[in-house]
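Novice: Handing you this structure, nothing more for now.
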Amino acid sequence: MLVPKVARHFSRLPSTNTALIDAVNTDQELQEGDVFLTDAQTAGRGQGTNGWHSTPGKNLTFSLLLYPDHLAVDALFTLSRFTSLALTATIRHFAGHEIAENVRIKWPNDIYVADRKIAGILIQNGLRGSKVQWSVVGIGLNVNETEFPPALRPTATSLTGLCGETLSLATVRDRLFAFLAHFYTATYATSNASLEALYHDQLYLLGQPAPYLHINTGERFTGIVRGVEQDGRLLLGRTDGGVKAFELRSLRLLRD
Ligand code: BTN
């Protein structure tokens with residue numbers, strides 16, 4: 001059973017993902033469930049070359065260590081699924097049930113409320129051959145953020161922006177830890193069907209036409225989210241009726 005617990009609490013550091021990976025790689029004594037958390041992250045990392053903005057003391061920025069020996073390398077997207085579900089459950093818990101339908105998982109690693117991003121996930125894995133040695137699940141959840149940088153203002157939100165209250169970071173953290181433990185248990189099931197079904201139903205833009213750019217070819221097209229394959233590829237319906245699977249990082253939603 002996974003029991004997330006804060007192993008190190010930094011008042012300030014560049015990136016909790018980088019710090020935790022450095023610690024794992026230098027053989028420091030760490031256990032599954034150990035969390036590195038910081039009040040102020042000065043060089044937060046996002047997907048690709050993106051950064052992660054968080055005003056010091058306002059939000060949750062932490063990284064969780066896993067040793068997911070039970071998952072094959074080609075099933076590692078399961079980690080994104082369970083983390084996304086823990087985040088959407090936490091957001092629904094604090095932001096109120098009126099917005100429940102609007103809390104969605106934007107493939108592959110973002111959580112949105114309506115059309116605004118509230119959380120991001122950065123999962124990094126250490127592989128040896130075909131085995132997973134460790135996984136670091138980095139989570140940024142906007143909790144009490146009210147001052148987004150101008151470029152993010154139209155597309156970002158926080159729990160306080162949704163419920164109008166200032167929340168205790170420790171309370172939100174503990175609730176998120178409980179949901180992470182709960183959904184991680186489901187990754188041990190012989191079939192991931194229940195995790196996949198829950199994830200599927202919460203996909204952002206599910207069944208809705210939207211404009212996409214296929215980064216590899218430069219093609220722009222209208223696609224309709226139909227689901228996500230077990231290996232993490234996004235299934236997009238095309239206007240000609242066909243369905244195609246797209247690799248991680250091969251696609252950009254043009255409304256971003
Ligand atoms: C994204 O939206 O592209 C992913 C953002 C992930 C941000 C979190 S904050 C804690 C952890 N440490 C990092 O440097 N990044 C992740």
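Novice: When the accessible area of the chain is computed with all protein chains present and a 1.4 Å probe, what percentage of it is carbon and sulfur?
Specialist: Roughly 49 percent, rounded to a whole number.
Novice: Straight-line reach only, C-alpha to C-alpha below 15 angstrom: list the aspartates and glutamates that Lys5 could link to, leaving out same-chain residues fewer than 8 apart.
Specialist: Within the straight-line limit of under 15 Å, Lys5 reaches these aspartates and glutamates: Glu29, Glu32, Asp34, Asp174.
Novice: Further, regarding this structure: Just to confirm, what accessible area per residue do you get for region 1-70 at 1.4 Å probe, in whole Å²?
Specialist: Details: 3530 Å² over 70 residues.
Solvent-accessible surface per residue comes out at 50 Å².
Novice: Which value, in debye to the nearest 20, gives the size of the charge dipole of region 124-256 about its Cα centre, when Lys and Arg are +1 and Asp and Glu are -1 at the Cβ?
Specialist: Taking the Cα centre of region 124-256 as origin, the dipole is about 340 debye.
Novice: Stretched out fully, how many nm does the piece from Ile215 to Ala178 gain, at 0.36 nm a residue minus the Cα gap? Don't skip to the answer; put the middle values down first.
Specialist: Details: separation 37, 0.36 × 37 = 13.32 nm, distance 3.73 nm.
In short, 9.6 nm is gained.
Novice: With every protein chain kept in the model, how would you rank Ile91, Ile215, Ile123 by accessible area, 1.4 Å probe, largest at the top?
Specialist: Working: Ile91 0, Ile215 75, Ile123 40 Å².
Ranked from most to least accessible, the order is Ile215, Ile123, Ile91.
Novice: How much net charge surrounds Leu30 when only the other residues with a Cβ under 13 Å from the Cβ of Leu30 are counted, with Lys and Arg +1 and Asp and Glu -1? Intermediate values should be presented prior to the final figure.
Specialist: Working: positive: Lys5, Arg8; negative: Asp22, Asp27, Glu29, Glu32, Asp34.
Charge balance near Leu30 sits at -3.
Novice: Lysines near Lys244 by alpha-carbon distance under 22 Å, same-chain residues fewer than 8 away left out - which ones?
Specialist: Lys106
Novice: Moving on. To the nearest Å, what is the center-to-center distance of region 163-221 and region 97-137, using C-alpha atoms only?
Specialist: First find each Cα centre; the distance between them is then 6 Å.
Novice: Sticking with this one: Please work out how much accessible surface Leu162 shows to a 1.4 Å probe, ignoring ligands, DNA and RNA, in Å² rounded to 10.
Specialist: Accessible area, nearest 10 Å²: 60 Å².
Novice: So, one more: Quick check on the chain: helices-only [θ] at 222 nm, where DSSP H runs of length 4 and up contribute -39,500 (n - 2.57) each and the sum goes over total residues. Nearest 500, please.
Specialist: Details: 5 runs with 61 residues, N = 256.
Estimated from H runs of four or more residues: -7500 deg cm²/dmol.
The values are calculated or read from the model by the stated rules, or taken from the named source; none is laboratory data. What you are looking at is a predicted structure, and each value in this text was computed from that prediction instead of being measured. Every residue, glycine among them, receives a Cβ derived from its backbone with ideal geometry; neighbour counts consider all protein chains shown. Protein only, heavy atoms only, side chains kept; ligands, DNA and RNA dropped before computing areas. Shrake-Rupley method; radii C 1.70, N 1.55, O 1.52, S 1.80 Å.
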